[in-house]
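Okay, structure first, notes after.
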Amino acid sequence: MTDVAVITGDLIASTEAPGRVDGAMSALAAAAAQISGWTGHSTRFTRFRGDGWQMLLVDPALALRAALLIAARLRMADTGLSTRLAIGLGQVDSLGRADLSDASGPALTLSGRALDHMPRSQRWVMAGDLPPWQPALLTLAEWHASRWSREQAEAVAALLPPDTPTQATVAADLGITRQALQARLSGAGLAAWRPALAAYEGAKA
């Protein structure tokens, strides 16, 4: 099979807020559904071990964009929970029967091991055969996304799809003016991520 990206994660400090876990998992499932719409293929989103989760991207070039969307969706949910995540880039031997709980292959192994061995100073990591600038860019993305407000995250999530909708359409969907949308996007710094995403996705193409 061609290379894919597998993202494995777990919610941070979920034991301190057990009543918020289901809401955070619903946000992750919503992100997975949106990503499926980008590719036309299911991410096979899987929840495990209470606060753990996993998803598959058939197009590994979208891994950075997907990580930003995951952060945005969690912030939108306003549960107060964020997630660690580890992106494994490689191949899969089997996708499993219904979800990723019985899937296997190098991409899954890389992702799981990277999460298990993540340094305390990091929340997002990337593993696989890749140049150093790509995991460095992911670290920068995590730092930036952690500073979004709920309103900024909502705007980012709406404009992250590769086939970006118009700002007029998004503003109408959110029930705000274009000026208000532009203010949210400016505060979120999404324009600065456009060339970074283009560079990442071009390198993976």
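Miscellaneous remarks
- Across segment 32-70, the number of residues qualifying as touching a strand residue (DSSP E or B) at 6+ places or on another chain (Cβ under 8 Å), outside any loop (DSSP other than H, G, I, E, B) and not aromatic (F, W, Y) comes to 16.
One line per residue, one yes/no per condition, for (1) open to solvent by 40 Å² or more (accessible area, probe 1.4 Å); (2) part of a helix (DSSP H, G or I); (3) modelled with pLDDT of 95 or more:
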{"residue": "P119", "(1), (2), (3)": "yes, no, no"}
{"residue": "P135", "(1), (2), (3)": "no, yes, no"}
{"residue": "W148", "(1), (2), (3)": "no, no, yes"}
{"residue": "E151", "(1), (2), (3)": "yes, yes, yes"}
{"residue": "A155", "(1), (2), (3)": "no, yes, yes"}
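- Total residues in segment 97-108, condition out of contact with any helix residue (DSSP H, G or I) (no Cβ under 9 Å at 6 or more places or on another chain), open to solvent by less than 60 Å² (accessible area, probe 1.4 Å) and closer than 20 Å to A32 by Cα: 4
- Of the residues making up segment 162-176, those that are assigned to a loop (DSSP other than H, G, I, E, B) and either β-branched (V, I, T) or modelled with pLDDT under 95 (or both) number 6.
- Where a residue in segment 16-37 is surrounded by 13 or more Cβ atoms within 10 Å (Cβ to Cβ) and its partner, wherever it lies, is part of a helix (DSSP H, G or I) and not aliphatic (A, V, I, L, M), with Cβ under 6 Å and at least six apart: V21/S14; A27/R73; A30/R73; A31/R73
The values are calculated or read from the model by the stated rules, or taken from the named source; none is laboratory data. Since this is a predicted model, take the numbers as computed values, not measurements. Note that we place each Cβ from the backbone using ideal geometry, even for glycine, and neighbour counts take in every protein chain shown. To get the accessible areas, we keep the full protein, side chains included, count just its heavy atoms, and leave off ligands, DNA and RNA. Shrake-Rupley method; radii C 1.70, N 1.55, O 1.52, S 1.80 Å.
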